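Shown next, in structure tokens, is the structure this report addresses.
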Number of protein chains: 2
Amino acid sequence: MLDLDVDAAALTAALVDVESVSGNEARLADLVEAALRAYPNLTIERDGNVVVARTELGRDERVVLAGHLDTVPTADNVPSRWDGDLLYGCGTSDMKSGVAVMLRVAHLVGRGELDPRVDLTWILYDCEEVEASRNGLARLARTRPEALAADLAIVLEGTDGDIEGGCQGTLRVAVRLVGVRAHSARSWLGTNAIHLAAPVLARLASYQPRVVDVDGLTYHEGLNAVGISGGIAGNVIPDECVVTVNYRFAPDRSEEDALAHVRDVFPDFDVELTDTSPGARPGLDQPVAAEFVAAVGGVPRAKLGWTDVARFGPLGIPAVNFGPGDPNLAHKPEENVARQKVLDGEAALVRFLS
Amino acid sequence: MLDLDVDAAALTAALVDVESVSGNEARLADLVEAALRAYPNLTIERDGNVVVARTELGRDERVVLAGHLDTVPTADNVPSRWDGDLLYGCGTSDMKSGVAVMLRVAHLVGRGELDPRVDLTWILYDCEEVEASRNGLARLARTRPEALAADLAIVLEGTDGDIEGGCQGTLRVAVRLVGVRAHSARSWLGTNAIHLAAPVLARLASYQPRVVDVDGLTYHEGLNAVGISGGIAGNVIPDECVVTVNYRFAPDRSEEDALAHVRDVFPDFDVELTDTSPGARPGLDQPVAAEFVAAVGGVPRAKLGWTDVARFGPLGIPAVNFGPGDPNLAHKPEENVARQKVLDGEAALVRFLS
């Protein structure tokens, strides 16, 4: 049985001690579900290894608190151990400290010690650390998007206690150059597909990426070759060369707009979309978000990498990352979290909700 | 026992029937050596699976006849079989028909039926169809270059009965672009090595290769990317991109001159030589070569691919390819040679030497 009546740092340790490498979250999900079912003022749903809890207080606004239960494979770092004020162990930073903060808020609300100004939805999900097709939040967004409905989503992935708003979208295309194969001793009989890539690379090299303000945060875009391959043998004029281009786009652009832009950059080339993920607006111009920023303090910044906050983007829900973990320690054997950061995270959320 | 007192086409069939895939030439080399030792006016040397035979007639000039004994792996095409006037089997074209012509000339000289106007050296060698480090002719050129000494070398690789003079040199360089690795969501922190390849490809695309007359034959050069690789992952700005460039150069340039030229094309890039092979001049402006051309008839053309004639280039020996096989049939299961081509090859050499 999970005891939520301890401080968030102690709860982090208890969560770390239940190993939950991606695909093996059932036991932890069971414990979380059982703990939340103890509070009659929360409605609980279980969907695979996803646990959803909700208040139904009739507030004008709703805020989602979301976090994943899984970790990367352990590295002789379970169970957790304290070293002074640092808690070491797999998931301390990524992101059982965030889950602990979520559960502490549920405990306070469940016990009537906190009367939140907004309705709340907790989403605790599986398989964030593996391929996107297994991601529990993505599955929920696909099968039951109403479960994600809110005016703001707070994903408690580690940000070292800062607010990182929204996230960039990302897409990849294959720019394919086709030539005519020939022996390199008779190169004039062929057309060199690698040479045909010269203007593609030149356009990328001279491309001026946008710097865009979205809802008060600044996003730096990027359009880059992340791969190139061509060549058959040392004596053959190659008939194919493929440049893989990654476009990181600000969340004012939809995936469709972003692809159209890439096609505009290469109007005379064969451009094939290979994968795409939407961005998410930070929504920091909304009142509920402004109140959250005021409660946390500090200056929010744009999220640059792609995270699960983007699951909310296509649903039109502003989303931010805010978690006590240090993202630079994620996935490392020496992963740890500072006790005070976890306590501060809980305190900031309580301030916001009070 | 190999019977050389048959026509060159029948002798080709006998040679094909002694399987001699690269590395397995010993039995055929034994048979060839024994057959040549029957003629007291030839001096015979055996060096591994290389057989060298020489006349010592005191002529002013010497001509080398060279051919390899090995074949690519068989493909259910040994023993040979006649279909009308076509002889099918592994090595019929590449190049036991050429070896048969060489041995027929040795037989005629050995029996005193042909009194050659020049001294002759026959070089029959192993491992032409595999990596250059095992090539028997290359080994002889390295360890006993005096064995190759001549005023003209005729390599009886298949040319469909035409004369193909000299050969282009070939070298490969790696042009290495070095950047700074970064996450593609923060691309401005990195330097994209693939983008740095843009001017390399642009120079290759706009490069104007030389067309050069050497000793009366026309050589078309070529400078081409034959490979490009770069990229670490779909979300990483790559810190390395390597373009492999192949320069095919006319035999008026040495390997050193050719490399210097490539460095001139890319003066501001990291250019590393990865492999190099010299060209060979055709020497068709020499009297002995002119007599050979007259005897064969037709119009000689430049050899475009790289062949073993180039083993003679660094020794200053003009060299030509002249063989009865059709090079387009080499290495194919349906490899074959026309009876008349083989007989014509022998007749042309006899005309030249008479």
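Read-outs: derived from the displayed coordinates by stated rules, not from any lab. All of these numbers come straight from a predicted model, not from anything done at the bench. Reconstructed Cβ throughout: ideal geometry from the backbone, glycine too, with neighbour counts over all protein chains shown.
Relative to the globular-protein estimate of 2.2 N^0.38 Å, the Cα radius of gyration of the stretch B:266-354 stands at 1.43. Mean-square fluctuations from a GNM of chain A, with a 10 angstrom spring cutoff on Cα atoms, peak among A:TYR219, A:TYR39, A:TYR125 at A:TYR39. In the stretch A:119-167, one over the average inverse separation of all distinct C-alpha pairs is 12.4 Å, which is the Kirkwood hydrodynamic radius. Based on the reciprocal of the average 1/r between different C-alpha atoms, the Kirkwood radius for the stretch A:145-193 equals 16.7 Å.
Sequentially through the stretch A:314-330, phi angles give Karplus couplings (6.51, -1.76, 1.60; θ = phi - 60°) of x, 8, x, 9, x, 8, 9, 9, 7, x, x, x, 8, x, 6, 9, 4 Hz, Gly and Pro residues having no value and appearing as x. Residues B:VAL63, B:VAL242, B:VAL130, arranged from fewest to most other Cβ atoms within 10 angstrom of their Cβ, appear as B:VAL130, B:VAL242, B:VAL63. Beta-bridge orientation, the protein assembly as shown: approximately 75 percent antiparallel, per DSSP, counting only bridges with both partners inside. Go ahead and estimate [θ] at 222 nm for chain A from helices alone: -39,500 (n - 2.57) per DSSP H run with n ≥ 4, summed, over the residue count, rounded to 500. Calculated from helices alone, the mean residue ellipticity at 222 nm is -7500 deg cm²/dmol. Placing a label point 7 Å from the Cα of B:ASP160 along the Cα-to-Cβ direction, the residues of the stretch B:321-340 whose backbone N falls under 15 Å from that point are B:322-330, B:336-338. Farthest towards the positive end of the charge dipole of chain A, among the residues A:ASN336, A:TYR88, A:SER187, is the Cα of A:SER187, using unit charges on the Cβ of Lys, Arg, Asp and Glu.
Put simply, the amide H of B:VAL236, placed in the peptide plane, has neighbours under 5 Å in B:SER184, leaving out anything fewer than 5 places away on its chain.
The value of relative contact order for the stretch B:231-299, using C-alpha pairs under 8 Å at least six residues apart, is 25 percent. Panel values: the stretch A:92-234, Kirkwood radius from alpha carbon pairs, Stokes-Einstein at 25 °C and 0.890 mPa s, translational diffusion coefficient 119 µm²/s. Taking one equal scatterer on every alpha-carbon of the stretch B:225-317, how large is log10 of I(q)/I(0) by Debye at q = 0.13, 0.14, 0.19, 0.24 1/Å? Values, matching the q order: -0.63, -0.69, -0.98, -1.27. Residue-normalised convex hull volume from the C-alpha trace of the stretch B:41-148: 118 Å³ per residue. Taking 0.692 mPa s as the viscosity and 37 °C as the temperature, the Stokes-Einstein diffusion coefficient of chain A based on its alpha-carbon Kirkwood radius rounds to 150 µm²/s. Per-peptide packing, taken as the mean over residues of other Cβ atoms within 10 Å, places A:313-324, B:207-218 in the sequence A:313-324, B:207-218 from highest down. Applied to the stretch B:121-134, the Karplus parametrisation 6.51 cos²θ - 1.76 cosθ + 1.60 on θ = phi - 60° returns per-residue 3J(HN,Hα) values of 10, 9, 10, 10, 9, 10, 6, 7, 8, 10, 4, 4, 5, 9 Hz, with x for Gly and Pro.
Between B:ASP5 and B:THR218, the C-beta separation translates, for a Förster distance of 41 Å, into a calculated FRET efficiency of about 0.45. Computed on the stretch A:169-277, with alpha-carbon pairs under 8 angstrom and 6+ residues apart, the relative contact order is 42 percent. Per-residue Cβ neighbour counts within 10 Å put A:SER229, B:SER354 in the sequence B:SER354, A:SER229, beginning with the fewest. Relative to its residue count, the protein assembly as shown spans a Cα convex hull of 195 Å³ per residue. FRET efficiency for the B:ASN41 to A:ASN235 pair, using the beta carbon distance and R₀ = 35 Å, is estimated at 0.25.
Per-residue packing, averaged as other Cβ atoms within 10 Å, sorts the ranges A:72-83, B:110-121 into the order B:110-121, A:72-83, beginning with the highest. Evaluating 6.51 cos²θ - 1.76 cosθ + 1.60 at θ = phi - 60° for every residue in the stretch B:84-96, the Karplus couplings come out as x, 9, 9, 9, 9, x, 5, x, 4, 8, 10, 9, 6 Hz, glycine and proline recorded as x. Gyration tensor over the Cα atoms of the stretch B:169-277: the corresponding equivalent ellipsoid has semi-axes (square roots of 5 times the eigenvalues, largest first) of 34, 12, 10 Å. Under 5 Å from the amide H of A:ASP70 lie the amide H atoms of A:CYS127, A:GLU128, each residue being 5 or more positions distant or on a separate chain, with H modelled from the backbone and absent for Pro and chain starts. Using C-alpha pairs under 8 Å with a sequence gap of at least 6, the mean separation divided by the residue count of chain B gives a relative contact order of 24 percent. Shielding by partners for peptide B:168-174, expressed as the average number of C-beta atoms from other protein chains within 10 Å of each residue's C-beta, is 1. Averaging 1/r over each pair of different alpha-carbon atoms in the stretch B:1-76 and inverting the result gives 13.9 Å, the Kirkwood hydrodynamic radius. Beta-bridge orientation, chain B: approximately 75 percent antiparallel, per DSSP, counting only bridges with both partners inside.
The equivalent ellipsoid that matches the C-alpha gyration tensor of the stretch B:1-40 spans semi-axes of 17, 15, 6 angstrom, in descending order.
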